[in-house]
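Where a number appears in this text, it was derived from the coordinates with a stated rule and is not lab data. This one's a predicted model, so the numbers in the text were calculated from it and none came from an experiment. We place every Cβ from the backbone using ideal geometry, glycine too, and count neighbours over all the protein chains shown.
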Ligand SMILES: [Zn+2]
Ligand SMILES: [Zn+2]
């Protein structure tokens, strides 16, 4: 290999970190919990990658770098009082550093960070003051040679999800990223996120697991301490209903025998027996205990489509997609309806795509094609897209170097990393893609690339997306 | 395992008249906050005093409660300093890094510092990106069994589906919270 500097890729999620070295872990990243875990069984503390060594997942307590630091009702004019939670932002840097230290060490990636480049993902609408701390850790603590920071969805255009054979990817793409903390709808036009049209629903995998935990604790077993186990049960049993009313009736009519009801056999760690779904008709010995999953299988994921089911006053996913598309340039809306991609763990639930398709079909204009592309491995999609982006020859142009940081501090990053923030005055000339309602979205006459500080060739433009179009 | 069969239920005090709608909506909000906690293990909404404070439990921090910081106070213990890998001795961190590790800031401070509330109206921010209110009215699901909840408890407004679930509701959950 001719690569002298290795590039480290971190899809740094609130639940798991997908991490690897470009050229080595391109297909399969290391996936480690972004958590510090205290186990009840041995009273030991496991940091990030060490969680895999834990033998007994009973009553785990979690400390998460992406922690909610408080939720309260804030009055933000002109919207009036609204409830905001600050979860999903990186706030516990002590925990994050402990996990990253382990990740970069010989125990996992074995990289010399001072001789490497870094591509790291951050939450959508990450706060500027928190972004500064990212920069500080990257350059002051780990001393990376260069780095690039962006949201996960902004990488998806480079990845496998919407790649069609022998065709250049669509200029318009709408990414639905349903993760641990939130669900985001993120339109991308010519490689750039249209931040004015990005929408967020405050429902993520964490809330769904907690709701399931609470529901079964009320109805059957007290599982309130068993977040880890309930998350596994959620992943094993839950699905998105394609006909909610019908499925409710099915479960009601014969609660113990119907096509939906399942028994989940609890894990028994002392017997090294993982949890699993009981096979139909399978008889079990006395040492087995089971949890019956009836309408719980689909009423929990249903919250993504109907947040009001738990009293959350937010539109469901399909209506939010329609609301986002309505904010985009009118002549391009059809292209967004036809290029919807799903990433994030919740989209792995069976039925998710079909339900969304059906609802979107009824919301879209009749003459409009609606197409939803599901990822085979939605948890890894952003990572694999990051690999594809980092492998491009122009990638180094987008990164900020250690020297630039030493010279200008976080200003170097603010200037170069394009995100939701308004472009700073001195570099603002003529590049404001899709400002306002997106009406001026296609500034064809203008170069709207993420500022490649070094040169402005057609190659460096628009993260490659618009390059061929401009030349033709 | 194995876990205990359904916990002893909190006995509801079914004594006075219907609850104030404000109290009901506060409880719903509090419940939503609970559902976002990392170590959510004990519903807090029981009894009439619930839903007042709006602050999450101290224990929400999870592991190492000793390391928790409140306003302006440095952490007493850090976990990142404790563990070294590869036998390397710890690097001397910069002031910026020490500050980030030692002082964990709360939401109000972070939002305040970020300046996003003051950004001009056209600028999209975390606060403005939230999904709009739903167009359709909420549908009622039985708070006991999950089936359609045709009826609403006269005291606490939680939906239930039939006389059986109404009985369970009255015994266990009435007044605890809404929806
Ligand atoms: Zn019922
Ligand atoms: Zn009641």
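Footprinting exposure proxy ranking of B:119, A:167, A:224, A:349, fewest other C-beta atoms within 10 angstrom first, gives A:167, B:119, A:224, A:349. Using a 10 Å cut-off around each Cβ of peptide B:97-105, what is the average number of partner chain Cβ atoms that fall inside? Partner Cβ neighbours, averaged per residue: 6. Rounded to whole Å, the principal axis extents of the Cα atoms in the range B:129-175 read 41, 19, 16, largest first. Counting only other chain Cβ atoms within 10 Å of each residue's Cβ, the peptide A:217-227 averages 6.
Could you compute the FRET efficiency for residue A:114 and residue A:254, with r as their C-beta to C-beta distance and R0 at 51 Å, rounded to 0.05? Walk me through the numbers before you get to the answer.
Numbers: r = 64 Å, r/R0 = 1.26.
With a Förster radius of 51 Å, E is 0.20.
Cβ-to-Cβ counts within 10 Å put A:352, A:104, A:182 in ascending order as A:104, A:352, A:182, the fewest first. Model label sites at residue B:113 and residue A:362, defined 7 Å from Cα along the beta-carbon direction, differ in position by 4.6 nm. Among the residues of B:139-148, the average count of other protein chain beta-carbon atoms within 10 Å of the residue beta-carbon is 5. If you take the square roots of the eigenvalues of the alpha-carbon gyration tensor of the range A:135-197 and sort them as a ≥ b ≥ c, do you get rounded (a/c under 1.5), prolate (a/b over b/c) or oblate? Prolate is the answer for the range A:135-197, as a/c is 1.5 or above and a/b outweighs b/c. Across q = 0.25 Å⁻¹, the range B:70-158 modelled as identical point scatterers on its alpha-carbon atoms has Debye log10 I(q)/I(0) values of -1.26, in the order of the q list. Compactness ratio for the range A:184-267: Cα radius of gyration over 2.2 N^0.38 Å (N = residue count) comes to 1.48.
Which value, in nm² and rounded to one decimal, describes the direction-averaged projected area of the C-alpha convex hull of the range A:155-296? Don't skip to the end; give the middle numbers.
Values: hull surface 50.3 nm².
That works out to 12.6 nm².
In angstrom, the C-alpha Rg and Dmax of the range A:261-382 are 19.5, 64.
Across the range A:110-195, the mean sequence separation of Cα contacts (distance under 8 Å, 6 or more residues apart), normalised by length, yields a relative contact order of 24 percent.
Normalising by the residue count of the range A:270-346, find the relative contact order in percent from Cα pairs under 8 Å and 6+ residues apart. Don't jump to the answer; show the numbers that get you there.
Numbers: 22 pairs, mean separation 9.5, N = 77.
Computed value for the range A:270-346: 12 percent relative contact order.
Can you give me the C-alpha center-to-center distance between the range A:349-427 and the range B:132-163, rounded to a whole angstrom? So the two Cα centres are separated by 39 Å.
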